[in-house]
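Since every read-out is calculated from the coordinates, none of them should be taken as a lab result. The structure presented is a predicted model; accordingly, all values stated were derived computationally and were not measured. Methodologically, a virtual Cβ is constructed for each residue, glycine included, from the backbone with ideal geometry; neighbour enumeration extends over all protein chains shown.
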Amino acid sequence: MTSDPEALRAGGRWLSLAGRLTAPGRRAPVRFGFTTSRRQAPRAVDRNGVRRVLRESARRHLVELDAAAGDRSIDIVLRLKAPLRDRAAQNWQAWKAELRSEVDLLLQQLATRLRAAGR
């Protein structure tokens with residue numbers, strides 16, 4: 001729990017989401033940030049793959065989040081919080097699909113929460 005009433009937080013198995021609303025009237029687009037650390041994904045190709053999946057989902061939800069935010073802007077940071085398993089021990093395509101479904105769920109929950117707060 002945070003003392004900032006404008007902070008929005010959520011998390012899943014692989015990702016954490018942190019968002020912050022700005023004051024009404026300061027209209028700017030929805031902005032995204034993505035972080036993947038070397039600690040969670042040692043190989044650069046894996047970190048880039050994670051960010052690619054996150055950017056793709058962010059683009060799909062951009063219009064929905066912008067409409068839900070109303071006259072406020074929102075900054076959203078998505079962070080890989082759990083370490084990737086050994087690439088040889090996992091099916092990369094299946095893992096990307098799991099990550100994609102998790103980020104989609106987090107962004108849908110965020111949009112629902114923004115719409116409820118705007119009423």
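Pick from 47, 72, 85: which is most flexible by mean-square fluctuation in a GNM of the chain where alpha carbon atoms under 10 Å apart are linked? In the Gaussian network model the winner is 85. Remark: spin-label model distance residue 67-residue 9 equals 3.0 nm, labels positioned 7 Å along the Cα→Cβ axis.
Provide the gained length on full extension for the span residue 97 to residue 52, in nm with one decimal, where the gain is 0.36 nm per separating residue minus the Cα-Cα distance.
Computed gain between residue 97 and residue 52 is 15.0 nm.
Secondary structure note: in the chain, about 70% of the DSSP beta bridges are antiparallel.
Across 103, 50, 77, mean-square fluctuation computed from a Gaussian network of the chain (C-alpha pairs under 10 Å connected) peaks at 77. Counting Lys and Arg as +1 and Asp and Glu as -1 over every other residue whose Cβ lies under 13 Å from the Cβ of residue 39, the net charge comes to +4. Please find, in a Gaussian network model of the chain (springs between Cα atoms separated by less than 10 Å), the residue of 69, 58, 82 whose mean-square fluctuation is greatest. Residue with maximal mean-square fluctuation among 69, 58, 82: 82. Taking the longest Cα principal axis of the chain as reference, the axis of helix 44-69 is set at about 20 degrees. Relative to the longest principal axis of the Cα atoms of the chain, the long axis of helix 92-118 makes an angle of roughly 10 degrees.
What length, rounded to one decimal in nm, is gained on full extension from residue 38 through to residue 75, with 0.36 nm per residue of separation minus their alpha-carbon distance? Could you put the intermediate results ahead of the total?
Details: separation 37, 0.36 × 37 = 13.32 nm, distance 2.35 nm.
Gain on stretching residue 38 to residue 75: 11.0 nm.
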